[in-house]
Amino acid sequence: DGDRDPGGTPTPAAARFTLGYVQTGTESVWRVAQTRSIQEAAGAANVDLVFADGQGRQQIQADAIRSLIERKVDVIAFSPVVTLGWDTVLGEAKAAGIPVVLVDRAVETGDASLYRSVLGSDYAAEGRKAGEWVVWTAGSGPVNIAELRGTTGSSVADDRSRGFTAAIAGDSRLRVVVAEPGDFTRSGGEERMRVMLARFPIDVVFAHNDDMAIGALRAIEAAGHTPGTDIRIVSVDGVRDAMTELVAGRLNYIVECSPLLGPQLMALARKVHGGETVPARVATEETTFDQNQARAALPGRRY
Ligand code: GYE
């Protein structure tokens, strides 16, 4: 039974529908916070959520999408672990009449009708902001930069790389001496950083996410350097652990990327389900943190 407005007309509660969600996996603190946000928001929005964990593998994600199609969910949302290779399975969803929404990660396809919208941040802008910080703080240089990239073939790693590269291009003080993929994980960041440190003199690390930055920080310490001082670190996300390191001066700058996409996703999925026209891109809000800003933001941080 719905509420009644003063005129006595019944206002029905938001209709229930089923949303299938295929997650990349559990690679980072950001990702775990995003999953929680989606689960909580579904409950609050009267949405039946069927959640699948892609375990970081495209094949598992594709299989999960197929079983959601078989289950006849109303809407499918997913975060593709890599950009290429989705045309077949998304074509199957389209043929079944199930609309698809992409969340944070994008796909590359020649057929824009295979999905309705992408909900996420401007990841190239995040890379650019990280690059701008390196430019501001370069002093007289030279500055040797190591780039710890996210998952190879993921849209977010490509975008962050592109934005960063554009921001530092043409500055003769700055040079990316090495770039390695750390798969957005702590262990990936630590292992790749260890290898890079053994081979190159490094002044600044640009990590595509906080987990890799924290892994890098450990490798830097293990190699006998002081993170934040001998080797400066800039990363993306803004999760509590990294904000804590930033406050402690062991990490130097963070570009925020919010994982709290659940409420926006529920609103978008509901519109798509109702046949409404939705924008091709829905943007999430984000900012940057230096040490003082991190100190101020940390007490209220939810992830
Ligand atoms: O920055 C990282 C995660 O796709 C925006 O993936 C997301 C990224 C995020 O694992 O921590």
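The values are calculated or read from the model by the stated rules, or taken from the named source; none is laboratory data. Just so it is clear, the model here is predicted, and its values are computed rather than measured. Glycine also receives a Cβ, built like all others from the backbone with ideal geometry; neighbour counts cover every protein chain displayed.
Enumerate the helices (runs of 4 or more DSSP H) found wholly within region 193-298, keeping only those where 3 or more residues are of a type in the set (Lys, Arg) and modelled with pLDDT under 95.
Details: elements: 210-222, 240-247, 262-273, 291-297.
Counting at least 3 such residues, we get no helices (runs of 4 or more DSSP H) at all.
Name the residue that is nearest to the chain's Cα centre (by Cα), counting only residues in region 101-112 that are in a strand (DSSP E or B) and within 12 Å of the ligand (Cβ to nearest atom).
First pass over region 101-112, keeping only residues in a strand (DSSP E or B): 101-103.
From the residues that got through so far, the ones that are within 12 Å of the ligand (Cβ to nearest atom) too are 102-103.
On the way: Leu102: 12, Val103: 9 Å.
Taking the candidates together, the pick is Val103.
Cβ-Cβ contacts under 6 Å between residues 6 or more apart (or on different chains), taken from a first residue in region 73-93 that is touching a residue at least 12 places away in the same chain (Cβ under 8 Å) and within 14 Å of Glu108 (Cα to Cα) to a second residue that is within 16 Å of the ligand (Cβ to nearest atom) and in a helix (DSSP H, G or I), are listed as Val81/Gln58; Val82/Gln58; Thr83/Ser155. Based on what the data block shows, is Gly153 without any contact (Cβ under 8 Å) to a residue 12 or more places away in the chain, out of contact with any Cys (no Cβ under 7 Å at 6 or more places or on another chain) and not in a strand (DSSP E or B)? Here the answer is no, as Gly153 does not meet what is asked. In region 138-181, of all residues being among the polar types (S, T, N, Q) and buried (at least 16 other Cβ atoms within 10 Å of the Cβ), the one that is farthest from the ligand (Cβ to nearest atom) corresponds to Asn144.
Residues of region 37-56 that are without any contact (Cβ under 8 Å) to a residue 60 or more places away in the chain and under 19 Å from Asn209 (Cβ atoms): Asp53, Gly54, Gln55.
Part of a helix (DSSP H, G or I), more than 14 Å from the chain's Cα centre (by Cα) and away from the ligand (no atom under 13 Å from the Cβ): is that true of Ala77 in this structure? Judged against the criteria, Ala77 is not a match. The residues in region 113-141 that are more than 19 Å from the chain's Cα centre (by Cα) and in contact (Cβ under 8 Å) with a residue 40 or more places away in the chain can be counted, and the count is 4.
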